[in-house]
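Everything on this sheet refers to the single structure shown next.
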Amino acid sequence: MRILSITAGAAGMYCGSCFRDNALAAELLRRGHDVTLMPVYTPTRTDEENVSEPSVLFGGISVYLQQRSALFRHLPRVFDRMWDAPSVIRALTARSLSTDPQLLGDLTVSTLEGGDGVLKREFDKLIDWADGEPRPDVVILPNSLLIAMAEPLRRALGCPVCCTLQGEELFINGLPETYRDRALALIRRQVSQVDQFIAVSDYCARFMGGYLAIPEDRMSVVPLGISLAGYEPRQPGTGRFTIGYFARVAPEKGLHALAEAYIRFRALTRGAPVALEAAGYLAPAHEPYLVGVRRTLDDAGLGAEFAYRGAVDREGKLAFLRGLDVLSVPATYDEPKGLFLLEAMGSGVPVVVPRRGALEEIVDRTGGGVLVPPDDPHSLAQALYDLWRDRPTVDRLGARALAGVREHYTIARSADALLEVLGRVATPVGADPVGRRTSASVH
């Protein structure tokens, strides 16, 4: 099968959606499928071999400049080629580009307006690029924020278009109200241009079906999966009890809630040898947030027990996870993915997380953890204390986690599910899509 998969770069940060898109493309390539993984905005960053194309569509610098000034919408394209160079984008990413929805409302709406908006130039470039590509059997968009690509790509390539749903509601809900309402209206208006939506969890499918008014017959679920290369089971702990946090360091992921629970936990464990360790991407805008978490622990006299290990690479991630006794990411919203759970469980680390979103279904399906009420530091502290007191239960939950990920959440199983969906909607090369215009019929 020939697949064109669009993936959205995240301004240089480690991003779960980028990890998923890249891992699936790599697995499909390994099986002999013809996959083009094309980044938009910025190059992607992964901790595995990156199989995406070296070029970038909708270069983050170009779209920003065009959004801010009409002058840049009419310059010769040679300037775009300079600004869209991945090396230039990487050089400016950390300092100049943001993924904060509070700052990107106008650009989000412009992207969703497609060829009718101020980014018409980028949509014209998209079609010119597509016209030079071999015709795929199917196109996959990475999220509904890029749904405006569906109609022009279908028209240019004459094939069905699928759209992945993988947590973009957090970004949409973070937009200023005027932009949020406009963005939702534009997405819902273009739902009919997508042949099949692909949700990354059962929860995601249920929520997004209502949120975006997607018909039930155009919603499929392809659960997340991870590559287990290099994963080794943690060794049962007998000494210091280490509680870990592995996710983006941001308020919605709940490191502050874990710190509050840890203080309560320490009131129960007193002088026992325990520690709280965190790792994950920290955006410059969230550095004050981490300072606040440290201050909370310092004020409780526990600052020396806390360590932040940074945005670790793959080798560092695997070593970090193997050193944990339990992982907790008490997200403050209904998390639709939960990739961090799979990574911890893949190392045999049990988890303690809120009963919400996809976190609940992952724990229920694997049996590899404990669910607690959302936004309840006392219950979280008690669950951690119960595990601290009962190491055999920690080991049993860890064994279930290890087996559960291997049974339900490998990248191979995820690829199987994706191919089943694509097989139902893809149009073989050389055949006209049923009910769709091909590029030949348009001209």
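The values are calculated or read from the model by the stated rules, or taken from the named source; none is laboratory data. No experiment lies behind these values; they were computed from the predicted model shown. In this analysis, Cβ positions are derived from the backbone assuming ideal geometry, glycine residues included, and neighbour counts consider all displayed protein chains.
Some observations on this one:
- For GLY254, the criteria (1) more than 30 Å from PRO288 (Cα to Cα); (2) in the same structural domain as ALA278 (by TED's automatic domain parsing) hold in every case but one, which is (1).
- Exactly one residue among VAL429, VAL394 is crowded, with 18+ Cβ neighbours inside 10 Å and either among the β-branched types (Val, Ile, Thr) or modelled with pLDDT under 95 (or both), and that residue is VAL394.
- Which numbered condition GLU343 misses (of (1) over 25 Å from GLY239 (Cβ atoms); (2) in contact (Cβ under 8 Å) with a residue 60 or more places away in the chain; (3) not small (Gly, Ala, Ser)): (1)
- Residues that are surrounded by 24 or more Cβ atoms within 10 Å (Cβ to Cβ), touching an Asp or Glu at 6+ places or on another chain (Cβ under 7 Å) and in contact (Cβ under 8 Å) with a residue 60 or more places away in the chain do occur in segment 357-377, at least one of them.
- Positions within segment 381-426 being within 24 Å of PRO134 (Cβ to Cβ) and in contact with an Asp or Glu (Cβ under 6 Å, 6 or more places away or on another chain), in sequence order: ALA415, VAL425, ALA426
- Segment 133-162: number of residues that are in contact with a Cys (Cβ under 9 Å, 6 or more places away or on another chain), under 12 Å from ARG2 (Cβ atoms) and not in a strand (DSSP E or B): 3
- Hits in segment 102-128 (condition: within 26 Å of the chain's Cα centre (by Cα) and under 22 Å from GLU53 (Cα atoms)): THR111, GLU122, PHE123, LEU126
- In segment 183-196, of all residues being in contact (Cβ under 8 Å) with a residue 40 or more places away in the chain and crowded, with 18+ Cβ neighbours inside 10 Å, the one that is farthest from ARG135 (Cα to Cα) corresponds to ALA183.
- Total residues in segment 62-76, condition surrounded by fewer than 19 Cβ atoms within 10 Å (Cβ to Cβ) and of a type in the set (Ser, Thr, Tyr): 1
- The helices (runs of 4 or more DSSP H) falling completely within segment 1-113 that include 3 or more residues that are at pLDDT 70 or above map to 16-30, 60-68, 105-112.
- Selection within segment 311-347 - among the aliphatic types (A, V, I, L, M) and under 21 Å from GLU287 (Cα atoms): ALA311, VAL312, VAL329, ALA331
- Subset of segment 304-355 [more than 18 Å from LEU384 (Cβ to Cβ) and of a type in the set (Lys, Arg)]: ARG309, ARG314, LYS317, ARG322, LYS337
- If you filter segment 115-132 down to residues that are assigned to a helix (DSSP H, G or I) and hydrophobic (A, V, I, L, M, F, W, C), you find that the one that is farthest from ARG189 (Cα to Cα) is TRP129.
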